[in-house]
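One structure is given here, and the rest of the page talks about it.
The values are calculated or read from the model by the stated rules, or taken from the named source; none is laboratory data. The model shown is predicted, which means the values in this text are computed figures rather than measured ones. No Cβ is skipped: glycine too gets one built from the backbone with ideal geometry, and neighbour counts run over all protein chains shown.
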Ligand SMILES: Nc1ncnc2c1ncn2[C@@H]1O[C@H](COP(=O)(O)OP(=O)(O)O)[C@@H](O)[C@H]1O
Ligand SMILES: [Mg+2]
């Protein structure tokens, strides 16, 4: 949305925090929970005069901070290139740092500051959606909104900083180390939990823009949904769907939504299926660089998903066979159902979690990289070490011990697909993390909200 469009929407003067002394610029912190009735955009958009008081009253308890443009310029070194984190339809995102010098009581932390592109297609409405939804919805798998700025035509949002950036970059950029299998599952489960939380609200929320670049990763790879610019309230009463202008991202949007503009929580489930497929295959949902029939990931992969014998053929070659075939098959079947043409045939997000989360414990058939023990002092104390000797790590995190015959019984060579013929050589690659180490880190209780990072 351009400046003009924003102006025509409304710019309440009370949204200008310029003259607010720092301590007053913050919503009063009260311990009571946000009122049970969640505020919607529609509650505000007709009432420009009282927008700010509506907003601040309704967001009491969310502890959102109102920042000035000058403050956000300062903390991002004037939105310098070196602080640049990423960019989407709303605008550019920069890293900054805040502490209690900016606002008393503010926890010292890195933040991400998203700045509305005044010449872009999005504007006040998307900004307001983020403030309203993320100001009220708090969950370990939703990115935490710390505050915002609304000054003249400027619209900015301040979030917790997510050190590992977005999933799209992690999964597809060649500079990124390959995400191992269990990490991928961990990320999918986390994102599914975020989406389930939205869908199971008293007043369900449809996220509408579920895609890899809107899934952000914390230092421990906890995944969180960000970018609520397109989120809308789900249907109310007897309504089965909400009719809207078709928004979202090509390749991820559900077919019925594209065709009719009818959107439901099941449209999000379709998009989840697309991301799950991206995690399995390591391919982008749309890729013009591939041969024609492979450019649309869903069209290309769907026939392989249902057939247990074919799933290995579409798995990401960068995994180098180091994944559970059983887990992959189950995840592929789930993706298949999420990608049903008919929304009613898709599973709910809570069913998705029930199916995916147990797969984190399916590790018995994950092939293990071999670590060669290089004799450091030939001839001394190496009686049991032959040229072929290696340590084989096992999924329970213990070393299985020395195995003297790499081709004997103890050698569990991967048989997944033709591309893994040269497995020994490829396993030397540093790019793939050890799934075994990952399994140790993950444990089974990883997704308990209590163990997630603070402040969400
Ligand atoms: N909290 C954050 N921490 C780290 N990087 C972020 C954060 N928020 C956004 N980014 C980066 O900026 C990109 C665009 O952010 P996003 O919120 O999706 O903006 P848009 O609404 O313009 O699509 C993300 O894909 C990510 O790379
Ligand atoms: Mg985005």
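In the range 93-122, the qualifying residues are those that are crowded, with 19+ Cβ neighbours inside 10 Å and within 16 Å of ligand 2 (Cβ to nearest atom), and the one that is modelled with the lowest pLDDT is 122.
So that you can scan it fast, the table gives a plain yes or no per residue for (1) within 27 Å of residue 42 (Cα to Cα); (2) more than 9 Å from ligand 1 (Cβ to nearest atom); (3) touching a helix residue (DSSP H, G or I) at 6+ places or on another chain (Cβ under 7 Å):
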position: 76; (1), (2), (3): no, yes, yes
position: 108; (1), (2), (3): no, yes, no
position: 114; (1), (2), (3): yes, no, no
position: 133; (1), (2), (3): yes, yes, no
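Is the range 259-268 home to any residue that is within 16 Å of ligand 2 (Cβ to nearest atom) and either without any contact (Cβ under 8 Å) to a residue 12 or more places away in the chain or under 22 Å from residue 159 (Cα atoms) (or both)? Checked the range 259-268: no residue is within 16 Å of ligand 2 (Cβ to nearest atom) and either without any contact (Cβ under 8 Å) to a residue 12 or more places away in the chain or under 22 Å from residue 159 (Cα atoms) (or both). Residues of the range 212-243 that are at positive phi and either within 12 Å of ligand 1 (Cβ to nearest atom) or in contact with a helix residue (DSSP H, G or I) (Cβ under 9 Å, 6 or more places away or on another chain) (or both): 221, 227.
Among the residues of the range 133-176, the ones that are assigned to a loop (DSSP other than H, G, I, E, B), in contact (Cβ under 8 Å) with a residue 12 or more places away in the chain and away from ligand 2 (no atom under 14 Å from the Cβ) come to 11 in all.
Output the residues belonging to the range 218-240 that are over 9 Å from the mean Cα position of the chain (by Cα) and touching a residue at least 40 places away in the same chain (Cβ under 8 Å).
218, 219, 220, 221, 227, 228, 229, 230, 231, 232, 233
Of the helices (runs of 4 or more DSSP H) contained entirely in the range 254-305, those carrying at least 2 residues that are surrounded by fewer than 18 Cβ atoms within 10 Å (Cβ to Cβ) fall at 255-260, 297-305. When the range 60-76 is limited to residues that are within 19 Å of residue 150 (Cα to Cα) and in a loop (DSSP other than H, G, I, E, B), the one that is farthest from ligand 2 (Cβ to nearest atom) turns out to be 60. When the test is whether a residue is at pLDDT 95 or above, in the same structural domain as residue 84 (by TED's automatic domain parsing) and either in contact with a strand residue (DSSP E or B) (Cβ under 9 Å, 6 or more places away or on another chain) or within 16 Å of ligand 2 (Cβ to nearest atom) (or both), residue 199 does not pass it. Please go through the range 262-306 and give me each residue that is out of contact with any helix residue (DSSP H, G or I) (no Cβ under 9 Å at 6 or more places or on another chain) and closer than 17 Å to residue 331 by Cα, ordered by number. Correct list: 303 only.
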